[in-house]
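The values are calculated or read from the model by the stated rules, or taken from the named source; none is laboratory data. Predicted, not measured: the structure shown is a model, and the values here were computed from it. Cβ placement follows ideal geometry from the backbone for every residue including glycine, while neighbour counts extend to all protein chains displayed. Ligands, DNA and RNA are excluded from the accessible area calculation, which covers all protein heavy atoms including side chains. Shrake-Rupley method; radii C 1.70, N 1.55, O 1.52, S 1.80 Å.
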Amino acid sequence: MNLFRSLVFSALLAGALTGIFASVLHLTTTVPLILKAEVYENTEAAGHHDAEHEHAADHQDVAPSALNRNSRTVVAMVLAYVGFALLMNASGEFSGGLATWKSGILWGAAGFLVFSLVPALGLPPELPGMPAADLGSRQVWWIGTAVMTAAAIATVYLSAGKTKWLITAALVTTPFLVGAPHLENVSTNIPSALHLQFVITTLLVSCASWLLLGAILGYLRSGRTPYHRQSTSSIRSDTV
């Protein structure tokens with residue numbers, strides 16, 4: 001029970017801190033790009049509506065909508081990284097690899113590969129107003145890619161011999177051989193340069209957040225914190 005409390009406590013703390021960190025980065029880097037994209041989206045939609053009416057409606061509740069957007073961003077980021085921290089803690093407990101802040105950074109890098117970088121190679125982050133394939137198909141491909149990438153990393157870490165590299169290569173390439181779902185012959189009002197900037201910025205923010213999450217979790221699980229030492233001593237006394 002003490003071990004369970006330690007895992008949950010460290011995940012809540014690391015996830016909350018990382019979620020706040022990620023929210024600040026997103027609000028100052030990616031959100032402005034999203035707002036720029038929405039201008040293009042609204043400009044394109046204005047061809048089907050009365051422009052003057054749209055202008056008045058857009059400025060009617062700017063402050064409340066911005067506050068709601070930012071609040072939802074913070075809440076979503078905190079919840080997401082708490083969930084990621086719980087998953088990382090559980091995986092680290094089974095493998096025994098999450099023991100220092102340095103090893104935590106490696107775990108964070110693995111999380112970035114699994115949940116951000118590799119899936120983004122097939123389905124890069126999208127801006128508002130960009131046409132996309134069916135959401136269900138994209139979710140299935142994204143989940144499958146994340147699972148395959150995680151399995152590939154586990155194979156490298158847990159297996160021995162030269163065959164593990166063949167297995168790893170097969171796991172990583174399979175989703176791309178299947179192909180990510182995309183629409184054909186579509187056009188968008190969003191400039192390609194803006195989309196590229198958004199993709200790069202999003203991935204950089206994600207990378208920094210994942211590395212921070214791993215470092216905090218590794219530190220909390222390293223035994224240097226009073227809470228962890230207390231939990232460890234209690235576990236040992238219970239087993240004697």
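Can you give the direction-averaged projected area of the convex hull of the alpha-carbon atoms in the stretch 76-132, in nm²?
5.0
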Checking rank on 169-177, 14-22, 211-219, 118-126, with mean other Cβ inside 10 Å and highest first, the result is 211-219, 14-22, 118-126, 169-177
At the level of C-alpha centres, the distance separating the stretch 98-141 and the stretch 3-46, in angstrom, is 14
With every protein chain kept in place and a 1.4 Å probe, the residues TYR40, TYR157, TYR81 fall, from largest accessible area down, as TYR157, TYR40, TYR81
The extension gain from ALA80 to VAL186, computed as 0.36 nm times the residue separation minus the Cα-Cα distance, is 35.0 nm
